[in-house]
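Okay, so here's the structure we're looking at.
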């Protein structure tokens, strides 16, 4: 019985930072085109079989969908199975052929009615709160309007893009200024793209509009001036595609008129690096074949703060001297995600008796994969309340495993500890993957992945023994591996380093 051999891989250097080996677990959004998404990795989102013509993900993680028969459907979770009676739905007041959907300037939604060539305004609960008529220059009747997107401009104004089925054009109109702006909304210009834009959404990072194009059966990236910048065929296995919107962790969500929602995950980089990584079979009792550690429970404790996570709620007990207080706070989660792992640590400013800074790390699971989110916990008052301030999100691995909705009790190994120089370091093992990722989370900057190591088994437990050297014990169902973290050498020799067996 032996242990996996540790092999050096290459990674761009972060000077002065202690890190693990880097492997292909890091997201990369470099191109200004549609290659930012992994089109070959498109897959159906479980638990959604409804026939949807448009979709929009709200800030609270609810996916709002429309169908042609006048129903507004609310999918409350993208990672859980649908209720036995299906996802809740309600008739839109006044009815109509519902096609396009987008967010308004405030928390309202705009719904495009194809047959009446008008916009209905809904509040956050789906109640009708207004209506906007469109310019009479836009053709009415059958084979009318389909896609809808709100496109902001640099001067603070915005336009609405309306895809027309019969004319194969996109009509650009002035966006309504509020609920009282009944219209008609002025037609500003017409884009003759030669095909029908069935669904649209504005991408602020690319400064362009993503379009689901009918006859070409492609997704286009179109500049605000109407120039087609890039195009991709519909993912294999999809048909009758209509809606498109942004999902959690940088994914795209696609609604199929024939039923269901598909997700296209963000593309993962495969950048190698130069961190030293060694393994040992003897130290710290890492004998092969021992029973693995149990899954990490969602309970927390660090320097006067203890608590637990239940669903999307954080329960804390604060101890200061002889005073104990119990506090609760909703978790600041990525829309559509759930928590699979949690860790807490505290940092005190030197020898100061001041209240420490608590950092909370969460492994979130969404339809695009697993991500690590970092949060600062701020106690206010005596204390009588707590506030979570989110400091960043790091994508850990590609899309979630199939059957995620059936793994409600799954846990993801996660460790968090404070260091003198780096602020906070976090080691995480994404579920379904074969690797451990190390993230640096300085208190005054966004967290960043500084290394990772590939394992030949799925890690279901992490342990960090106290004291130097800095090591991690990764545990699987049949294997254990001791990982020693060491800074990169100043001069690379170009040769491989193999760890002890």
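Residues in region 464-478 that are closer than 18 Å to residue 340 by Cβ and surrounded by fewer than 20 Cβ atoms within 10 Å (Cβ to Cβ): 476, 477. Summed over region 104-117, the residues that are within 22 Å of residue 62 (Cβ to Cβ) and surrounded by fewer than 19 Cβ atoms within 10 Å (Cβ to Cβ) give a count of 4.
Look at residue 106 and say whether it is in a loop (DSSP other than H, G, I, E, B), touching a residue at least 60 places away in the same chain (Cβ under 8 Å) and over 27 Å from residue 237 (Cβ atoms). Steps first, answer last, please.
Details: in a loop (DSSP other than H, G, I, E, B): yes; touching a residue at least 60 places away in the same chain (Cβ under 8 Å): yes; over 27 Å from residue 237 (Cβ atoms): yes.
Criteria met by residue 106.
For the list (1) over 20 Å from residue 130 (Cβ atoms); (2) assigned to a strand (DSSP E or B); (3) touching a residue at least 40 places away in the same chain (Cβ under 8 Å), I need the number of the one condition that residue 73 fails. Condition (3) is where residue 73 drops out.
Listed by position, the strands (runs of 3 or more DSSP E) contained in region 308-390 that have at least 3 residues being at pLDDT 80 or above and within 18 Å of the chain's Cα centre (by Cα) are 338-347, 357-366, 369-380.
The listed residues are 61, 46, and the only one of them that is out of contact with any helix residue (DSSP H, G or I) (no Cβ under 7 Å at 6 or more places or on another chain), in a loop (DSSP other than H, G, I, E, B) and more than 21 Å from residue 163 (Cβ to Cβ) turns out to be 61. The listed residues are 94, 70, and the only one of them that is surrounded by 14 or more Cβ atoms within 10 Å (Cβ to Cβ) and either outside the structural domain of residue 249 (by TED's automatic domain parsing) or at positive phi (or both) turns out to be 70. Figure legend. Inter-residue proximity from region 132-160: first residues part of a loop (DSSP other than H, G, I, E, B), second residues modelled with pLDDT of 90 or more and loosely packed, with under 15 Cβ neighbours inside 10 Å, beta-carbon distance below 7 Å, spacing 6+ or different chains. Indicated pairs: 135/186.
In a loop (DSSP other than H, G, I, E, B) and either closer than 21 Å to residue 308 by Cβ or at pLDDT 80 or above (or both), is that true of residue 411? Considered against the rule, which asks whether it is in a loop (DSSP other than H, G, I, E, B) and either closer than 21 Å to residue 308 by Cβ or at pLDDT 80 or above (or both), residue 411 comes out as yes.
Based on what the data block shows, is residue 402 modelled with pLDDT under 85 and either assigned by TED's automatic domain parsing to the domain that holds residue 453 or surrounded by 23 or more Cβ atoms within 10 Å (Cβ to Cβ) (or both)? Judged against the criteria, residue 402 is a match.
Among the residues of region 191-215, those that are touching a residue at least 40 places away in the same chain (Cβ under 8 Å) and in a strand (DSSP E or B) comprise 197, 198, 199, 200, 201, 202, 203, 209, 210, 211, 212. Given the criteria over 23 Å from residue 68 (Cα atoms), assigned by TED's automatic domain parsing to the domain that holds residue 255 and out of contact with any strand residue (DSSP E or B) (no Cβ under 9 Å at 6 or more places or on another chain), does residue 189 qualify? When the stated conditions are applied, residue 189 does not pass them.
Only one of the listed residues (61, 86) is at positive phi, surrounded by 19 or more Cβ atoms within 10 Å (Cβ to Cβ) and at pLDDT below 90. That residue is 61. Out of 175, 153, 167, one residue alone is under 23 Å from residue 107 (Cβ atoms), surrounded by fewer than 21 Cβ atoms within 10 Å (Cβ to Cβ) and in the same structural domain as residue 54 (by TED's automatic domain parsing). It is 153. If the requirement is being over 27 Å from residue 42 (Cβ atoms) and in contact with a strand residue (DSSP E or B) (Cβ under 7 Å, 6 or more places away or on another chain), which of these qualifies: 231, 198, 179? One residue alone meets the criteria, 179.
The values are calculated or read from the model by the stated rules, or taken from the named source; none is laboratory data. Computed from a predicted structure; not experimentally measured. Here Cβ is always computed from backbone atoms with ideal geometry, including for glycine, and neighbour counts include all displayed protein chains.
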